[in-house]
Every structure is written in structure tokens, then in C-alpha cells.
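The next block holds one structure in the form of C-alpha cells; read it before the comments.
The values are calculated or read from the model by the stated rules, or taken from the named source; none is laboratory data. As the structure is a prediction and not an experimental result, all values here were calculated from the model. Here the Cβ is made from the backbone with ideal geometry for all residues, glycine too, and neighbour counts use every protein chain on show. For accessibility, only protein heavy atoms count, side chains too; no ligands or nucleic acids. Shrake-Rupley method; radii C 1.70, N 1.55, O 1.52, S 1.80 Å.
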Amino acid sequence: MKERNFLIKHSVKIEPNKVSLDGIDVLLSERYNTFLSDIYHEKRLAYPKFFKMDILCKVGFLATEILLEAENIERFVPRRDRSIIFCNKSSSVSTDLKFTHDILDLDNFYPKPSLFVYTLPNIVTGEIAIRNKYFGETNLFVMNDRDDNVISELVEHALMDEEINSVVGGWIDAESENDYEADLCIFEIKQ
Amino acid sequence: MRVVKVSDSIISPLGFSVEENFDSLLRGGSALRKYNRLWGLPFEFMASIFDEEELNNYFIENIDITKLPHSNCTKFEKIALLSAFKAISSANIDPKSHRILFILSSTKGNIELLSTSNFDPNRVLLGNTAQMIARYFGNTNKPIVVSNACISGLCAQIEAMRFLKSGSYDFCVVIGADVLSPFIVSGFNSLKALSTEPCKPFSINRNGLNLGEAAATIIYSTVDDGKNNWEIVCGATRNDANHISGPSRTGDGSLSALNYVLQYSGCKIADIAFANVHGTATPYNDEMESIALERAGLSDLPINSLKGFYGHTLGAAGVLEVILSMCSLDKGKILPTHGFDSLGVSGNINVISTLQETNKHSFLKLLSGFGGCNSSAIFTKLRKL
């Protein structure tokens with residue numbers, strides 16, 4: 001494998017029944033339907049905006065909360081040197097279907113602006129930037145199948161930016177409310 | 001290592017070539033029309049939409065549909081294919097080469113298929129559409145889609161620059177495309193972002209944006225054969241970490257992106273002819289951009305927005321607007337901001353309302369989008385010795 005110009009500091013993975021941090025399972029559950037809100041309560045996160053988010057944002061928010069807590073440095077201080085680079089396959093399809101449903105019947109036509117905003121797949125990067133006060137690049141790439149070489153290359157590209165020293169990035173996909181995956185890392189530039 | 005433009009193309013309601021489009025702008029032509037109950041939607045709006053018959057004829061003349069995986073192409077697929085085809089045809093490259101990467105920029109791609117009954121769910125996936133386009137030209141590399149809201153088109157070009165500078169590819173085909181559908185139009189309408197009149201960027205009585213359809217392609221390369229003279233010099237994307245659907249009141253994200261390109265491009269402000277900005281004509285966007293431009297020290301720089309000609313073409317905007325800005329400097333001109341009357345933003349900026357002459361060779365591009373993202377880049381015309 002090609003040598004990269006970054007080091008991986010921490011990694012987190014969320015699947016519909018499991019959370020792992022740096023390769024070690026930290027949460028397991030059989031309660032598929034409530035798993036994400038269970039994580040929220042378990043982590044005692046006081047961030048009511050979480051409940052307004054769509055599935056992609058919820059998964060991304062929880063994954064980065066666990067990932068950034070593991071970093072064990074002061075959080076919520078503004079950072080201009082960190083970017084968020086996410087890749088996925090399904091874009092925002094789960095929310096797209098809901099929004100399509102709301103406009104299908106022209107006699108019962110109630111498109112919700114709060115839902116429409118989440119039909120952009122990059123909103124998850126914005127939610128995380130807001131939460132963590134990250135002012136670097138935010139970007140969302142879509143590809144047909146997950147390809148870790150491409151993801152690594154895109155992270156390296158973000159580190160070509162003269163002002164960026166680290167990236168929160170990786171794969172995050174939500175095909176439906178019950179079928180999602182986040183596999184994210186903190187990447188730091190090699191000094 | 002320089003990254004230069006090899007060829008380009010525009011497919012829009014104003015024409016199917018860059019020349020037709022540019023000539024139309026010089027004549028002050030706009031593709032914006034008023035639509036009432038289009039697609040049965042219970043409201044009126046202004047938009048720039050393709051004439052389907054004209055588009056279909058042009059598609060059949062140029063694209064070999066026997067080489068496509070399905071015979072019933074969507075409008076999105078048609079314009080993206082046509083735009084890529086035209087740029088590739090004039091580039092003297094072999095699109096099958098493994099040294100060529102296709103990058104698609106789109107916000108919603110084939111989203112209209114979700115509301116039809118018999119469709120292959122894979123066709124809604126942006127990655128799938130990008131692959132279909134690359135395969136049509138015989139390219140087997142995995143294409144990448146940039147879907148970063150309204151700044152996608154510029155992000156895709158910056159990403160192409162990075163792929164080329166890192167040596168992974170010799171050519172990048174950057175295709176920006178989006179079409180309108182009940183989905184997109186009713187979404188923007190629900191946000192109260194649409195104007196029922198032609199949009200008026202930066203004007204005191206501006207009351208919203210118009211949406212538009214277009215596809216535009218730029219092929220970039222590090223292989224300079226001496227004929228190619230437009231360089232993408234430097235670009236950056238920055239978040240304002242403010243709100244998912246409202247820009248920062250202080251212009252923070254745009255300012256950071258502007259400061260970056262002004263610092264690292266090596267360009268002096270005095271050498272920049274103009275900034276082609278987002279200028280959607282929504283109250284918040286234009287106000288934010290004006291503040292960012294003033295704070296970046298660009299109050300005297302001529303500013304234009306092309307939204308009054310095409311509306312906001314979403315994922316195509318960054319590519320379309322860069323091509324037309326290059327074209328205008330090739331002719332020594334700065335295009336006017338169609339629809340602008342009297343300045344209605346608090347930032348002190350120099351909005352251009354009439355066609356102007358210039359002898360400068362660089363321009364600045366600025367875009368911003370939902371999710372708090374902002375992007376800027378500087379382009380320079382290399383002078384022949």
C-alpha cells in the first residue's frame with residue numbers, strides 16, 4: 001500500500017448494533033430501533049439539536065462525539081486547522097425519499113423546509129463543524145462503492161491545504177433509518 | 001506544476017456551445033422565464049429551463065444511445081453526457097486512458113426518478129450516474145462525485161487540481177450538472193428563497209433567487225502543450241460553523257477562503273480583473289458576501305454575478321461561471337451583473353452593472369452554500385512570450 005503523509009490518531013465505527021473505538025467494541029445492543037438515541041443517552045450528550053437531525057447527521061454526530069472525546073484534548077475551542085472530509089454511497093437518499101413523499105400528492109402538498117435542508121448530503125459536515133467550531137474545509141464525496149485508497153487520497157488532498165493540519169474523515173453512509181454505517185478517523189499530517 | 005484548462009463546454013437553455021452562451025450574455029440575453037403551475041406545482045416561479053425538444057434532438061445527433069446501459073436517459077443524464085462529450089471531442093485526448101479521472105459535480109442528480117413508479121433504484125445514486133458517464137467514454141477509472149451543496153462545482157475543480165498536482169492523473173474531466181424538478185423547486189420554495197421575478201443580485205429590492213438548469217465541463221491537465229492558457233492557480237474551501245441553512249453574518253467562511261487564495265496564489269489584488277461571486281439575490285447570501293469581500297480588502301474590485309442570466313444552476317454553477325469568466329477575460333471584458341440596480345448590501349463593494357473593458361489576466365471566483373461551506377479560487381491567463 002502506498003505510503004501516506006498522515007497518521008491515524010483514533011478511529012470509530014458505528015453499525016446498527018455496535019460501536020467500536022480504535023478497534024475495540026465499546027457499545028453493543030440488540031435494540032436496533034432505538035440504538036442511536038440509546039448512544040446519545042448513554043453518552044449523556046446535552047445537544048437537543050440531535051433530535052432534529054436526519055439519520056445521516058445523527059450517525060455522523062454520534063460517531064464524531066465518540067471519536068473526538070477519545071482525542072482527550074480541550075473541545076469546542078475554535079479550530080482553523082481541521083477539515084471534515086466525508087465519503088459515502090447513498091448521498092442523502094433516506095431523507096430524499098421522505099421529502100419526495102411530502103410533495104407527491106399535489107392536493108396535500110406540504111414540503112417542510114426543515115426536511116429539505118437535510119436532502120443535501122453535506123449537511124452532516126456542517127452539523128459537525130458547528131458543534132465543534134471547526135472552520136477548515138468541509139467536503140462530501142459520493143462514490144459507487146467504498147474504496148479506502150480513494151478515501152485516503154482525498155484526505156491527503158485536504159492536507160495539501162497550507163492551513164490544515166488534521167482531518168476528521170472517512171466513510172459515512174445511511175441507506176435507511178435502520179441501515180447505516182460510520183467508519184471515521186482523526187488523521188494528522190506527518191511532521 | 002501548473003494545472004491548465006485543456007477544453008470546456010456549456011449546455012444551457014441559452015445555447016449548446018460556450019460561444020453561443022457568451023454571445024447571448026453580451027447581448028444581455030437571459031434564459032429566465034416565469035412558470036405558473038409547472039408540473040402541477042401550486043405556485044408561480046421564475047426559472048431557466050431547457051426546451052425538451054431542442055435538447056432531445058441535440059442529444060440524438062451527438063450521443064450514440066446504443067452505447068448506453070438504458071435507452072430512456074433522464075434530462076440530467078442527457079445534459080451531463082452532452083457536456084462531457086463536447087469537451088472531450090475538442091480536447092484531443094483519449095478518454096479511455098487510465099490517466100484520466102472523471103469528476104462529477106451535482107447536488108441532486110437523477111432525484112426526479114424517486115417520484116416515478118418503475119425505476120431502477122441504482123439510477124438515483126450519484127456514483128452510478130458518474131460511472132455511466134465515464135463508461136460511455138470507455139473510461140474504467142472509478143469516477144468521483146462532489147456533492148457539497150451550491151459550492152460543488154468549484155470544489156470539484158479544486159479537487160481536480162489536487163489530483164493533478166499529486167500526480168495521480170494527467171487529465172481530469174470536471175462535469176457540473178443539475179436539472180430542476182418538483183423536488184428541488186418545491187424545496188427552495190418552502191425555504192421562501194425563490195423570487196417570482198427576475199433575480200436582482202446585490203440590489204436593494206432583491207427578494208430571492210431563481211433556479212436554473214445547466215451542464216458545464218472543464219478538462220484540466222498538467223500536460224501543457226503550449227496552447228492552453230488558463231491556469232487554476234489556487235483554491236480553498238472553508239466552513240463558517242454558523243448554521244446549516246444560513247450564512248454567517250460576519251462573512252467568516254467566505255473571508256477565510258478569500259484570504260487563503262489571496263495569500264497563497266501569489267496574485268496581487270491589483271492584478272485581479274474582477275471577482276465573479278455567488279450573488280444569488282437572496283437577502284442573506286448577498287449581504288454576507290458583501291461583508292466578506294469588504295473585509296478581504298476587495299471593496300474596489302469589480303464584482304459580478306451571473307445569476308441574472310442563468311439563475312442558480314446548483315452543481316453546475318461553479319463550472320459554468322468559471323468558463324464564462326475565462327471567456328470574458330479572453331475578450332478583455334468584464335460581464336455586467338444582469339438585474340442589478342441600486343446597491344442594497346451593507347458591505348462596501350463595487351458591483352458592475354454594465355459591460356466593462358479590462359487588460360488584466362486573473363479573476364477570483366467565490367461561492368457559498370448550505371451546510372456553511374464557502375469556496376474560493378483564483379484563475380490566471382498565462383501570457384505567451
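I need the Kirkwood Rh of the protein assembly as shown: take the reciprocal of the average 1/r across all distinct C-alpha pairs and report it in angstrom.
Values: mean 1/r = 0.0424 Å⁻¹.
Evaluated on the protein assembly as shown, it is 23.6 Å.
What is the spin-label model distance, in nm, from A:F109 to B:R37 if the labels are put 7 Å beyond Cα along the C-beta direction?
1.0
Give me the net charge for the shell around A:I189: Cβ to Cβ below 13 angstrom, other residues only, Lys and Arg +1, Asp and Glu -1. Don't skip to the answer; put the middle values down first.
Values: positive: A:R4, A:K9, A:R82, A:K190; negative: A:D81, A:E156, A:D161, A:E162, A:E163, A:E188.
Counting the neighbours of A:I189, the net charge comes to -2.
Name the residue farthest towards the positive end of the dipole of segment A:6-189 from the options A:P48, A:T95, A:S37, assuming +1 on Cβ of Lys and Arg, -1 on Cβ of Asp and Glu, about the Cα centre.
A:P48
Between B:E357 and B:Q263, what is the spin-label point distance in nm, taking each point 7 Å from the Cα along the Cα→C-beta axis?
According to this spin-label approximation, the distance is 3.8 nm.
With a 1.4 Å probe on protein heavy atoms only, tell me which residues of segment B:114-156 lose at least 50 Å² of accessible surface in the complex relative to the chain by itself.
B:L114, B:L125, B:K142, B:I144, B:S147, B:N148
Could you work out the mean count of beta carbons from other protein chains within 10 Å of each residue's beta carbon in A:79-87?
What the average comes to for A:79-87 is 1.
For B:K86, which aspartates and glutamates qualify as cross-link partners when the Cα separation must be under 15 Å and same-chain residues fewer than eight apart are set aside?
Reachable aspartates and glutamates: B:D8, B:E19, B:E20, B:E61, B:D64, B:E77, B:D94.
Can you bin segment B:4-221 into rounded, prolate or oblate? Criterion: square roots of the alpha carbon gyration tensor eigenvalues sorted a ≥ b ≥ c, rounded for a/c under 1.5, prolate for a/b above b/c, oblate for the rest.
It is prolate, given that a/c is not under 1.5 and a/b is the larger ratio.
If you restrict to DSSP beta bridges whose two residues both lie in segment A:6-189, what percentage is antiparallel, to the nearest 5? Please list the in-between numbers first.
Working: 26 of 38 bridges.
If I count the DSSP bridges inside segment A:6-189, around 70 percent turn out antiparallel.
Once you order the gyration tensor axes a ≥ b ≥ c over the Cα atoms, which shape class does segment A:8-48 get: rounded for a/c under 1.5, otherwise prolate or oblate by comparing a/b with b/c?
oblate
Can you give the mean number of other chain Cβ atoms that lie within 10 Å of the Cβ atoms in peptide A:139-151?
6
Carbon and sulfur atoms: what percent of the 1.4 Å accessible area of chain B do they account for? Kindly include the intermediate steps, with their values, before the conclusion.
Details: 6150 of 12860 Å².
Here carbon and sulfur together make up 48 percent of the probe-accessible area.
Just to confirm the filter: which GluC sites (Glu not before Pro) across segment A:131-170 are DSSP coil and have at most 12 other Cβ within 10 angstrom of their Cβ? Please report the intermediate quantities before stating the final value.
Working: sites: A:E137, A:E153, A:E156, A:E162, A:E163; in loops: A:E137, A:E162, A:E163.
Loop-located and lightly packed - A:E162.
Can you give the extra length, in nm with one decimal, that the chain gains between A:H41 and A:E74 once fully stretched, where that is 0.36 nm per residue apart less the Cα-Cα distance? The partial results should precede the final answer.
Values: separation 33, 0.36 × 33 = 11.88 nm, distance 2.17 nm.
Gain on extension, A:H41 to A:E74, equals 9.7 nm.
With labels modelled as points extended 7 Å from the Cα through the Cβ direction, what inter-label distance (nm, one decimal) is found for B:D23 paired with B:D224?
Here the modelled spin labels are 3.2 nm apart.
Taking B:K142 as the anchor, which aspartates and glutamates have their alpha carbon closer than 14 Å to its alpha carbon, excluding any fewer than eight residues away along the same chain?
A:D145, A:D147, A:D148, A:E153
Quick check on the protein assembly as shown: helices-only [θ] at 222 nm, where DSSP H runs of length 4 and up contribute -39,500 (n - 2.57) each and the sum goes over total residues. Nearest 500, please.
Here the helix-only value at 222 nm equals -9000 deg cm²/dmol.
Please report how many Lys pairs in segment B:230-381 have alpha carbons closer than 19 angstrom, counting only residues at least 8 apart along the chain or sitting on separate chains.
Count of close lysine pairs: 13.
Using per-residue counts of other Cβ atoms within 10 Å, averaged over each peptide, order A:179-188, A:30-39 from highest down.
The peptides rank, most packed first, as A:179-188, A:30-39.
Excluding B:Q131 itself, calculate the net charge of residues whose Cβ lies under 13 Å from the Cβ of B:Q131, where each Lys or Arg counts +1 and each Asp or Glu counts -1. Please report the intermediate quantities before stating the final value.
Working: positive: A:K89, B:R123, B:R135, B:K142; negative: A:D145, A:D147, B:E77.
Local charge sum for B:Q131: +1.
Can you give the FRET efficiency to the nearest 0.05 for A:H101 and A:N178, using r as the Cβ-Cβ distance and R₀ = 22 Å?
The pair A:H101/A:N178 has a calculated efficiency of 0.80.
For the protein assembly as shown, what proportion of DSSP beta bridges, expressed in % and rounded to the nearest 5, is antiparallel?
Values: 69 of 102 bridges.
Restricted to the protein assembly as shown, the bridges split so that about 70 percent are antiparallel.
Roughly how far apart, in whole Å, are the Cα centres of segment A:50-84 and segment A:132-191?
Centre-to-centre (Cα) distance: 13 Å.
Enter the accessible area of B:H98 (Å², nearest 10), with the probe set to 1.4 Å and all protein chains included.
Result for B:H98: roughly 130 Å² accessible.
At 0.36 nm per residue, minus the direct Cα-Cα distance, what do B:S342 and B:N92 gain on full extension? Give it in nm, one decimal, please.
Full-extension gain reported as 85.4 nm.
Per residue of B:36-47, count partner chain C-beta atoms within 10 Å of its C-beta, then hand back the mean as an integer.
For peptide B:36-47, the averaged partner shielding equals 1.
As a test of the definition: with a 1.4 Å probe, what buried accessible area, both sides summed, do you compute for B against A, in Å² to the nearest 100?
Looking at B and A, the buried total is near 4400 Å².
Can you tell me the accessible area per residue over segment B:4-221, all protein chains present, probe 1.4 angstrom, in square angstrom?
That works out to 34 Å² per residue.
Taking Cα centroids, how far is segment A:107-123 from segment B:308-359 in Å?
Here the answer is 30 Å between Cα centres.
Placing unit charges on C-beta atoms (Lys and Arg positive, Asp and Glu negative, everything else neutral), compute the dipole magnitude of segment B:230-381 about its Cα centre in debye, rounded to 20.
On the way: 10 positive and 13 negative charges, 49 e Å.
I would put it at about 240 debye.
Find the centroid of the Cα atoms in segment A:3-34 and in segment B:226-291, then give the distance between the two in whole Å.
36
Taking B:K96 as the anchor, which aspartates and glutamates have their alpha carbon closer than 14 Å to its alpha carbon, excluding any fewer than eight residues away along the same chain?
Cα-Cα hits under 14 Å: B:D170.
With every protein chain left in place, what is the accessible area per residue of chain A in square angstrom, probe 1.4 Å?
Values: 8320 Å² over 191 residues.
I get 44 Å² per residue for this part.
Excluding same-chain pairs closer than 8 in sequence, count the lysine pairs in segment A:6-189 whose Cα atoms lie under 16 Å apart.
10
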